[in-house]
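Notes follow once the structure below has been shown.
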Amino acid sequence: MNATPDLQAVDVTLDGAVAIVRLRRPAKRNALSDGLILALRQTFETLPEAARAAVICGEGEHFCAGLDLSELRERDAGEGVMHSRLWHTALEAIEKGRVPVVAALHGAVVGGGLELASACHVRVADDSAYFALPEGSRGIFVGGSGSVRIPKLIGVPRMMDMMLTGRVYDAEAGERIGLAQYRVPAGQALPKALELARRIAENAPLTNFALMHALPRIAEQASDHGLFTEALISAIAQAAPEAKARLRAFLEGKAAKVRKDA
Ligand code: 1HE
């Protein structure tokens, strides 16, 4: 694979403790070329030190049109494996990176665009968003970890249906089945994602790290192993000085209570 990171296609800005990562190929509906995938990997591996959470969004009318189909050419099986593995490492840099990532979704969230969204930790869809996996009709298969991550969100039968029949879910249905955890009016995905990311950034970094790295692994372990891992991680998290300070603040009446409208 000869591609180099297309750094023009990804814009990173820091808003306080939140890194905003923007896909910037609107003329191609933010289709994910090899160069853009490499740039995403590099971006998430080298987020600014001050970032404690991130938001990913797309410029233009759509979040992301998936794989850049113009780059699909005759690949032999070995090259196909390497291409898929490139996507895996890039999306792994998001899912198992340093900070939680909130996806702000609008317009098309399709194919590899949905694979990208499913590597994020929280998904916010505005009412213009729609979700599809057109790979079935293009004669290909998911290759960007969709077969691993998407069934964890919606189950194998729903993903099977999307790929076999070309079913498209709108934002409302997408939220109902679990493709997004939040639905907001059109145009509000980014503000809502930012609001959530700012809240996430206030958590103890070790808690965020434990959630990103321990929770998905525990969920895949046999329950006996999961309980043991949970005991280890919770002991490590509560031993951190920041955890002790936060607990003390609550006991002294200085920390926020849980409110039902929060
Ligand atoms: C593209 C791509 C793309 C747009 N690769 N160039 N993904 C798909 O099968 C989705 C294909 N795209 C679409 O269905 C539509 O473009 C959209 C619904 C996303 C947007 O429609 P629209 O009317 O706003 O835009 P458009 O006129 O279709 O596209 C504008 C330009 O973007 C046009 O190029 P132009 O040079 O004629 O201006 C399109 O060709 C180009 N474009 N989408 C390349 N995807 C790791 S495996 C993952 C496997 C997959 O992701 S398969 C699913 C691929």
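Do you know which of the residues in region 47-77 that are farther than 18 Å from LEU116 by Cα and surrounded by 15 or more Cβ atoms within 10 Å (Cβ to Cβ) is farthest from the ligand (Cβ to nearest atom)?
ARG52
Of the residues ALA193, ALA180, which is touching a residue at least 24 places away in the same chain (Cβ under 8 Å), assigned to a loop (DSSP other than H, G, I, E, B) and more than 16 Å from the ligand (Cβ to nearest atom)?
Selected residue: ALA180, the only one of ALA193, ALA180 that is touching a residue at least 24 places away in the same chain (Cβ under 8 Å), assigned to a loop (DSSP other than H, G, I, E, B) and more than 16 Å from the ligand (Cβ to nearest atom).
If GLY80 passes every condition in (1) within 13 Å of the ligand (Cβ to nearest atom); (2) under 17 Å from ASN30 (Cα atoms) but one, which one does it miss?
(2)
Using the structure shown, decide if LEU206 is surrounded by 13 or more Cβ atoms within 10 Å (Cβ to Cβ), at pLDDT below 95 and either of a type in the set (Gly, Ala, Ser) or closer than 30 Å to ALA103 by Cβ (or both).
In short, yes.
It is to be established whether one or more residues within region 230-250 are among the hydroxyl-bearing types (Ser, Thr, Tyr) and surrounded by fewer than 17 Cβ atoms within 10 Å (Cβ to Cβ).
Scanning region 230-250 turns up at least one residue that is among the hydroxyl-bearing types (Ser, Thr, Tyr) and surrounded by fewer than 17 Cβ atoms within 10 Å (Cβ to Cβ).
Can you name every one of the helices (runs of 4 or more DSSP H) wholly within region 209-262 that holds 3 or more residues which are within 28 Å of CYS120 (Cβ to Cβ), over 24 Å from the mean Cα position of the chain (by Cα) and of a type in the set (D, E, K, R)?
none
Would you mind finding the one in ASP11, ASP6, ASP15, ASP34 that is touching a residue at least 60 places away in the same chain (Cβ under 8 Å) and of a type in the set (Asp, Glu)?
So the residue among ASP11, ASP6, ASP15, ASP34 that is touching a residue at least 60 places away in the same chain (Cβ under 8 Å) and of a type in the set (Asp, Glu) is ASP15.
I need every pair where a residue in region 47-58 that is within 15 Å of LEU7 (Cα to Cα) has its Cβ under 8 Å from the Cβ of a residue that is charged (D, E, K, R) and assigned to a loop (DSSP other than H, G, I, E, B), sequence separation at least 6 or different chains.
That search, which allows pairs on different chains as well, returns LEU47/ARG98.
Of the residues in region 7-23, how many are surrounded by fewer than 18 Cβ atoms within 10 Å (Cβ to Cβ) and over 17 Å from the mean Cα position of the chain (by Cα)?
Residues meeting the conditions: 7.
Which of the residues belonging to region 110-159 are in contact (Cβ under 8 Å) with a residue 60 or more places away in the chain, away from the ligand (no atom under 15 Å from the Cβ), within 23 Å of THR89 (Cα to Cα) and among the hydrophobic types (A, V, I, L, M, F, W, C)?
Those that are in contact (Cβ under 8 Å) with a residue 60 or more places away in the chain, away from the ligand (no atom under 15 Å from the Cβ), within 23 Å of THR89 (Cα to Cα) and among the hydrophobic types (A, V, I, L, M, F, W, C): CYS120, VAL122.
Between a first residue in region 220-244 that is of a type in the set (Val, Ile, Thr) and a second residue that is in a helix (DSSP H, G or I), which pairs have beta carbons less than 6 Å apart while being 6 or more apart in sequence or on different chains?
Qualifying pairs under 6 Å: THR229/ILE218; ILE233/ALA210.
From (1) at pLDDT 95 or above; (2) within 27 Å of ASP15 (Cα to Cα); (3) of a type outside the set (A, V, I, L, M), pick out the condition that doesn't hold for GLU242.
GLU242 satisfies every listed condition except (1).
Take the residues in region 9-42 that are over 12 Å from CYS64 (Cβ atoms) and not hydrophobic (A, V, I, L, M, F, W, C), then tell me which one is nearest to the ligand (Cβ to nearest atom).
Only one residue fits best here, namely ASP34.
Check whether at least one residue in region 25-36 is part of a strand (DSSP E or B), at pLDDT 95 or above and at negative phi, and report yes or no.
Looking for residues that are part of a strand (DSSP E or B), at pLDDT 95 or above and at negative phi, one finds at least one in region 25-36, hence yes.
Consider only pairs whose beta carbons are under 8 Å apart and that are at least six residues apart or on different chains; among these, list those whose first residue lies in region 70-82 and is aliphatic (A, V, I, L, M) and whose second residue is surrounded by 10 or more Cβ atoms within 10 Å (Cβ to Cβ) and assigned to a loop (DSSP other than H, G, I, E, B).
Qualifying pairs under 8 Å: LEU72/ILE140; MET82/MET1.
The values are calculated or read from the model by the stated rules, or taken from the named source; none is laboratory data. Only a predicted model underlies this, so the values are computations on that prediction, with no experimental measurement involved. Note that each Cβ is placed from the backbone with ideal geometry, even for glycine, and that neighbours are counted across all protein chains shown.
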